[in-house]
Amino acid sequence: MIFRRPEGAFCLYVLAHGAGAGMRHPFLEKLSVALASEGVATLRYEFPYMEERRRRIDPPAVLHERVREAVAAAAKEGLPLFAGGKSMGGRMTSQAQALAPLSNVLGLAFVGFPLHPAGKRGVERAAHLREVAVPMLFLQGTRDELAHLDLLRPIVEGLSRTTLHIVDDADHSFHVRKKSGRGDPEVLTELAQTFARWAQRTIGDSSSRASRSAGSR
């Protein structure tokens, strides 16, 4: 596990990796460093198959158990807890939460939720979300081939205490083609502001925060 706790941290995000890259992936490292600058501690961890350098992904029950182990380790820090992660890691976290609430976790944040495989539209992967009783944040790009927005929007709208934040022109990895696109910085901003709201804290000026978010929801 990789734990980063900045001075004055107000919460801790338990951050799982995606299917094909571990906890040291540059995107997760960059996200962790940036969140630390906003007072958000992170705990990154790996699923067994990634630790053992196996290509075959573990069964869901094994992945769920690792999520619970990571949350239990994070709870020892005594900070408000949020959980989720990139792609598959976020989905496994939500599945674990749906099966049995993760102890002390106040909300879930998904950085690119994989609603369906690329080229295979469907919503079956979202069925368990109805059983999640904590607030949820979905960060999704408009070019994400693993979550077509015309399928994801109605799902989010049908869930209570759930927010969909759309990053214009971003793909599943939050790469943007436009020079003016925000990509990674926008993901960071929305995560930090949402965690602050969930933890009943304020980051920065509320009026500027509102104006930044309004155009991308």
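From the residues in the stretch 1-13 that are of a type outside the set (A, V, I, L, M, F, W, C) and more than 14 Å from the chain's Cα centre (by Cα), which one is least open to solvent (accessible area, probe 1.4 Å)? Step by step, filter the stretch 1-13, then rank; the result is Pro6. From the list Arg125, Arg182, the lone residue that is over 14 Å from the mean Cα position of the chain (by Cα), of a type outside the set (Ser, Thr, Tyr) and at pLDDT 95 or above is Arg125. Taking first residues from the stretch 28-44 that are open to solvent by less than 60 Å² (accessible area, probe 1.4 Å) and partners that are among the hydroxyl-bearing types (Ser, Thr, Tyr) and in a helix (DSSP H, G or I), the Cβ contacts under 6 Å between residues at least 6 apart in sequence or on separate chains come to Thr42/Ser32. Going through Arg125, Arg143, Arg121 one at a time, which residue ends up being out of contact with any helix residue (DSSP H, G or I) (no Cβ under 7 Å at 6 or more places or on another chain), under 26 Å from Asp171 (Cα atoms), of a type in the set (D, E, K, R) and open to solvent by 10 Å² or more (accessible area, probe 1.4 Å)? Of Arg125, Arg143, Arg121, the one residue that is out of contact with any helix residue (DSSP H, G or I) (no Cβ under 7 Å at 6 or more places or on another chain), under 26 Å from Asp171 (Cα atoms), of a type in the set (D, E, K, R) and open to solvent by 10 Å² or more (accessible area, probe 1.4 Å) is Arg143.
No other residue among Ala96, Ala16, Ala72 is surrounded by 15 or more Cβ atoms within 10 Å (Cβ to Cβ), small (Gly, Ala, Ser), closer than 22 Å to Met136 by Cα and over 13 Å from the mean Cα position of the chain (by Cα) apart from Ala96. If you take the residues of the stretch 146-161 that are out of contact with any strand residue (DSSP E or B) (no Cβ under 9 Å at 6 or more places or on another chain) and open to solvent by 70 Å² or more (accessible area, probe 1.4 Å), which of them is nearest to Leu129 (Cα to Cα)? Within the stretch 146-161, the match that is nearest to Leu129 (Cα to Cα) is Ser160.
In the stretch 45-56, of all residues being within 18 Å of Gly84 (Cα to Cα) and out of contact with any Gly (no Cβ under 7 Å at 6 or more places or on another chain), the one that is surrounded by the fewest Cβ atoms within 10 Å (Cβ to Cβ) corresponds to Pro48. Among the candidates Leu106, Leu81, the residue that is open to solvent by 70 Å² or more (accessible area, probe 1.4 Å), under 25 Å from Pro6 (Cβ atoms) and in contact (Cβ under 8 Å) with a residue 60 or more places away in the chain is uniquely Leu106.
Scanning the stretch 135-173 for residues that are touching a Leu at 6+ places or on another chain (Cβ under 8 Å) and touching a residue at least 60 places away in the same chain (Cβ under 8 Å) gives Pro135, His172.
The values are calculated or read from the model by the stated rules, or taken from the named source; none is laboratory data. It should be emphasised that the depicted structure is a prediction, and the values quoted were computed from it without experimental measurement. No Cβ is skipped: glycine too gets one built from the backbone with ideal geometry, and neighbour counts run over all protein chains shown. All accessible areas refer to the heavy atoms of the entire protein, side chains included, with ligands and DNA or RNA removed. Shrake-Rupley method; radii C 1.70, N 1.55, O 1.52, S 1.80 Å.
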